[in-house]
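This report refers to the structure that appears directly beneath it.
The values are calculated or read from the model by the stated rules, or taken from the named source; none is laboratory data. Fair warning: this is a prediction, and the values are worked out from it, not measured in the lab. Note that we place each Cβ from the backbone using ideal geometry, even for glycine, and neighbour counts take in every protein chain shown. Ligands, DNA and RNA are stripped out before the accessible areas are found, and what is left, the full protein with its side chains, is counted by its heavy atoms. Shrake-Rupley method; radii C 1.70, N 1.55, O 1.52, S 1.80 Å.
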Amino acid sequence: MAALFARAALAQPTPTPTAPSALGPDRAPAPSPTTIPDTEWRYYAADQANTRYAPLDQISAQNFNDLEVAWRFKTDALGSRKEYQLEATPLLIKGRLFLTAGARRDCIALDAATGEMLWMHRLDEGQRAMNAPRQLSGHGCSYWTDGTRERILYVTIGYHLVCLDAETGVPDPGFGTNGIVDLKLEIDQDLDPLTADIGLHSTPLVVNNIVVIGAAHTAGDAPRTRRNAKGYVRAYDIATGKRKWIFHTIPRKGEFGYDTWVAGDAEAAGNAGVWAQMSADEALGLVYLPVELPTGDFVGIYRRGAGLFGESLVAVDVNTGQRRWHYQFVHHGIWDHDIPCAPILCDIPHGGKIIKALAQPSKQGFLYVLDRSTGKPVWPIVERKVAKGDVPGEWYSPTQPYPSKPPAYGPQGVSPEQLIDFTPALHAEALALIKNYRTGPLYTPPTMSLPAGPFGTIHSPGSQGGTNWPGGCYDPDTHTVFVYAKKTAQVYGVVANNDESLSDFAYVHGLTGQKTRPSAPMGGAIVPGSRAVQEGAPSPPSNPSGPQPPQSGPRPGQLTIQGLPLLKPPYGTITAINLERGDISWQIAHGETPDNVRNHPALKGLKIPRTGREGNLGPLCTKSLVICGESGFFTNEQGVRGAMLRAYDKGSGVEKGAVYIPAPQSGSPMTYMLKGRQYLVVAIGGGNYSGELVAFRLPRGA
């Protein structure tokens with residue numbers, strides 16, 4: 001294993017103008033550049049609170065359509081193959097952008113004004129990286145400074161923590177071993193350095209002088225083993241790389257939460273990592289950990305009991321790692337509703353005073369609002385009875401938590417009212433299709449998949465719906481959270497496992513008559529035109545391209561009607577949730593109607609409103625706008641294929657402008673002021689378009 005370092009100054013392609021847009025009002029002059037100070041973007045989502053907010057307004061509703069490409073940076077040369085899934089959000093410090101990029105997850109520094117590469121660092125991990133559960137470039141890197149020294153920290157594909165000098169990209173010799181800490185060591189369990197199923201694609205969290213590291217694993221629909229690696233959380237001293245503390249996300253005997261497991265199950269269970277971003281409140285001395293499920297996303301027969309700290313938000317002391325409080329959002333989850341993103345920390349008016357709160361988006365489409373000092377709900381969260389399933393040996397929680405406020409911002413459960421209804425005939429086909437499945441409200445459990453039916457449970461939002469890894473953003477002026485959610489339907493079926501080489505589970509997620517495949521590493525062999533199924537990756541399209549004829553008989557798992565989605569639109573939304581009142585201010589369909597919907601012969605002559613698009617998207621909030629790119633391609637009236645980066649009035653949700661991007665948004669946007677000009681930077685890619693970072697700004701004098 002060797003460290004590879006290169007310093008380069010690469011000329012970028014000549015900036016190209018954006019495609020013209022008829023959207024938005026007339027142009028207005030931008031403020032004088034000499035009066036505007038430079039800004040920074042020091043964390044993945046702007047700050048430790050994960051607000052993804054910048055109080056900038058040079059780019060406004062009046063001039064958004066005038067944006068032009070300032071520079072662009074292709075990631076094709078970073079690795080032995082192109083990457084089509086660039087998910088990073090860059091950091092901006094002192095005129096330099098820092099991010100991870102490329103199929104080998106190189107850490108790079110760019111000139112923020114020109115896109116010129118300043119340095120690149122790569123760690124060659126060989127087979128260890130090839131075996132890793134979390135592939136490709138990840139979500140980015142982190143920054144630390146004591147006012148003199150500056151460091152960039154990132155986690156490699158093979159699960160090493162690397163600390164670099166921010167000026168040169170050279171590893172810090174005082175950190176760990178030559179700037180590197182092996183994260184498969186000092187984790188309170190024995191892990192094979194080459195094959196252990198543990199890694200991370202999220203950024204480290206820097207708090208004061210420590211860095212906090214989570215863990216991620218292979219998706220658990222058909223786990224190879226019930227005794228997988230445990231996803232413990234650790235903190236390290238940034239000066240030395242020495243471990244400061246460890247938090248056991250699966251409690252050990254004698255620790256808090258151990259008694260929520262049926263005897264012995266906690267010792268054998270694995271996973272329960274924190275693969276999402278984390279938040280921190282330095283004043284309270286707390287780090288907030290969004291914990292995923294223990295091993296088995298849809299089958300919990302080997303982790304009986306409520307199972308802390310699965311699908312819980314845990315607040316730990318930043319200096320010791322000791323639990324201060326926790327809140328479990330799902331008891332003994334069997335729906336893969338991992339907490340997918342960092343909670344947003346916010347100070348909101350409530351009960352006649354300002355309280356320290358947090359708002360946690362979720363796959364379920366609930367926004368859980370808690371007092372971040374104590375973990376107590378700001379509005380009541382009530383336990384409601386839920387149905388039991390029929391999987392042998394499964395442990396079912398009798399109740400699940402339901403927030404009383406705010407209302408759900410995404411679809412929950414499946415009923416006839418939610419089915420496709422463009423025409424009565426299409427709706428009738430959908431009604432006939434769901435007769436082969438179990439349907440019901442949000443926490444309807446997975447069902448044994450039988451040849452004569454039911455084939456399984458049709459669930460919405462499923463494991464890939466609602467909000468995923470990008471999370472939301474927050475406007476402190478109006479105390480409003482803005483969050484994207486997608487509408488998906490998924491079959492939760494369970495089958496007996498007759499192949500011990502596949503898994504040591506007696507039952508696994510699968511469908512009758514179909515070959516069950518083992519869980520695969522996430523973000524593995526991505527090729528042009530492919531889409532990975534993973535946390536932190538786009539979900540597969542629920543509507544294959546082009547119309548399809550009706551089937552002669554139902555096929556388990558096919559949830560389309562003549563090639564159209566089973567559920568009616570909108571397929572993707574952005575919702576504004578007011579935290580003063582605990583209600584929804586507005587909701588809009590985000591994303592142009594897919595080509596195969598607009599051009600479907602069964603819909604000829606119908607006027608279809610914008611449907612929105614499925615995807616994993618994070619919006620950005622500025623002084624007056626909510627900005628977000630689309631998650632899929634469409635073809636415009638001029639025959640140009642691509643996507644749009646859209647801006648909405650944050651008070652009303654009315655679209656104020658849109659500019660063309662040649663591929664969908666794949667990483668969350670960020671913005672900054674530099675030398676008097678506001679830049680808007682976003683990662684794009686997907687389909688046959690490889691990963692690219694694109695920077696927009698207004699023309700001089702605009």
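Taking all Cα pairs closer than 8 Å and separated by 6 or more residues, the relative contact order of the chain comes to 16 percent. Say each of S501 and E282 gets a label point 7 Å from the Cα, pointing the same way as Cα to Cβ; how far apart are those two points in nm? For the pair S501/E282, the computed spacing is 5.5 nm.
Checking the a/c ratio against 1.5 first, then a/b against b/c, what shape does the Cα gyration tensor give for the chain?
Rounded.
Kindly state, to the nearest 0.05, the FRET efficiency for D595 paired with R555, given R0 = 30 Å and r defined as their beta-carbon distance. The value I calculate is 0.80.
Relative protection proxy for 352-358, 39-45, 151-157, 264-270, from highest mean packing down: 151-157, 39-45, 264-270, 352-358 (other beta-carbon atoms within 10 angstrom).
Rounded to the nearest 20, the Cβ-based charge dipole of the chain about its Cα centre (Lys and Arg +1, Asp and Glu -1) stands at 720 debye. For the pair D38 and D347, the difference between a 0.36 nm per residue extended length and the Cα-Cα distance amounts to 108.7 nm.
Placing a pseudo-label 7 Å from each Cα along the Cα-to-Cβ vector at I355 and E68 gives an inter-label distance of 5.1 nm. Each Lys and Arg Cβ is given +1 and each Asp and Glu Cβ -1; about its Cα centre, segment 319-389 then shows a dipole of about 200 debye. For K94, the lysines whose Cα falls under 24 Å of its own Cα, not counting residues fewer than eight places away in the same chain, are K74, K623, K675. Sequence neighbours fewer than 8 away in the same chain don't count; with that in mind, list the lysines whose C-alpha is under 23 Å from K388. Here the lysines satisfying the reach criterion relative to K388 are K363, K435. Across segment 591-608, the residues whose backbone nitrogen lies under 14 Å from the label position 7 Å along the beta-carbon direction of R641 are 595-596. Available extension along the chain between A452 and K385 is 21.2 nm, counting 0.36 nm per residue and deducting the alpha carbon span. Quick one: if the Förster radius is 51 Å, what FRET efficiency do T240 and A432 give, using the C-beta to C-beta distance and rounding to 0.05? The calculated FRET efficiency here is 0.20.
Cysteine residues of the chain whose Cβ has no partner cysteine Cβ closer than 4.7 Å: C107, C141, C163, C341, C346, C628. A simple count of charges around M670, restricted to other residues whose Cβ falls under 12 Å of its Cβ and scoring Lys, Arg +1 and Asp, Glu -1, yields 0.
Maximal additional length on extending the D583-D124 stretch stands at 160.3 nm, based on 0.36 nm per residue less the C-alpha distance. Cross-link partners of K242 among lysines, defined as those whose alpha carbon lies under 23 angstrom from its own and excluding same-chain residues fewer than eight positions apart: K184, K230.
DSSP finds beta bridges in the chain, and of those with both partners inside it, around 95 percent are antiparallel. Peptides 110-116, 380-386, 194-200 ranked from most to least packed by the mean count of surrounding Cβ atoms within 10 Å: 194-200, 110-116, 380-386. Between R700 and E167, the FRET efficiency estimated from the beta carbon spacing at R0 = 41 angstrom works out to 0.85. Per residue, the chain exposes 35 Å² of solvent-accessible protein surface, assessed with a 1.4 angstrom probe and all protein chains in place.
Judged by the gyration tensor of its Cα atoms, with axes a ≥ b ≥ c, segment 163-259 is prolate; a/c meets the 1.5 cut and a/b is the larger of a/b and b/c. Per-residue ellipticity at 222 nm from helix content only, as computed over the chain with -39500 (n - 2.57) for each DSSP H run of at least four residues, stands at -500 deg cm²/dmol. What number comes out for the charge environment of I348, summing +1 per Lys or Arg and -1 per Asp or Glu over other residues with Cβ under 11 Å away? Charge balance near I348 sits at +1. As a length-normalised measure over Cα pairs under 8 Å and 6 or more apart, the relative contact order of segment 119-224 settles at 29 percent.
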